[in-house]
Amino acid sequence: MDWGQLAIKALISGVLIAAASEIARRSPGLGGLIASLPLVSVLTLVWIWRDTGDAGRMADLAMSSTAYVVASLPAFLILALTLRRGAAISLAMACFVIAAFAGYLVMQWAGRRWGLPV
């Protein structure tokens, strides 16, 4: 493993996350848009291609990313609803984590049955 390349990957990825959180602090709508962009997925696809040159691996990553995005959507809805109803942040985040975990488990089960790379 080339530690220099790993450091560059971490730096670029970290800068994007920090930028999204700073923008979200000023404008939740714009921050949500940026956070919803598949930046992490695109960066991962670029790193995978650069490191392996394997288009099949990239296709599998794209498919599994899509499956897990679908699986996590209910968790975001649960987070928003619990916060809007006045729940404490810790409770809302716990509900979010539990819902996301449940969604991922369901997607792994369903994905294996449907032949998805999960």
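Give the separation of the Cα centroids, the range 77-118 to the range 48-76, in Å. Computed from Cα coordinates, the inter-centre distance equals 18 Å.
Think of the chain as having a plus end and a minus end, set by charges on the Cβ of Lys, Arg, Asp and Glu; of MET58, ALA99, VAL15, ALA99 sits farthest toward the positive end of this dipole. Taking the chain as a Gaussian network of alpha-carbon nodes connected by springs under 10 Å, the highest mean-square fluctuation of the residues LEU43, LEU105, LEU33 belongs to LEU33. Largest first, the three principal axis extents of the alpha carbons in the range 3-54 are 38, 21, 6 Å in whole numbers. For the residues ALA62, ALA100, ALA87, a GNM of the chain with alpha-carbon springs under 10 Å puts the largest fluctuation on ALA87. Taking trypsin sites (Lys or Arg not before Pro) across the range 57-86, the ones in a DSSP loop with at most 10 further Cβ atoms lying within 10 angstrom of their Cβ are ARG85. In a simple Cβ point-charge model (Lys, Arg +1; Asp, Glu -1; nothing else charged), the chain has a dipole of about 400 debye relative to its Cα centre. Comparing GLY115, SER36, LEU83 along the charge dipole axis of the chain, the residue lying farthest to the positive side is LEU83, per the Cβ-charge model. Would you mind calculating the relative contact order of the chain from Cα pairs under 8 angstrom and at least 6 residues apart, reporting the percent as a whole number? Relative contact order comes out at 20 percent. Seen from a random direction on average, the alpha-carbon convex hull of the range 53-118 projects onto 5.0 square nanometres. Of the Cα atoms belonging to the chain, the radius of gyration and Dmax stand at 16.8, 49 Å.
Quick note: the coordinates plus some simple rules give every number you see, no bench work behind them. Worth saying up front: this structure is predicted, and the values here are computed from it rather than measured. Using ideal geometry, Cβ is built from the backbone for each residue, glycine included, and neighbour counts are taken over all protein chains shown.
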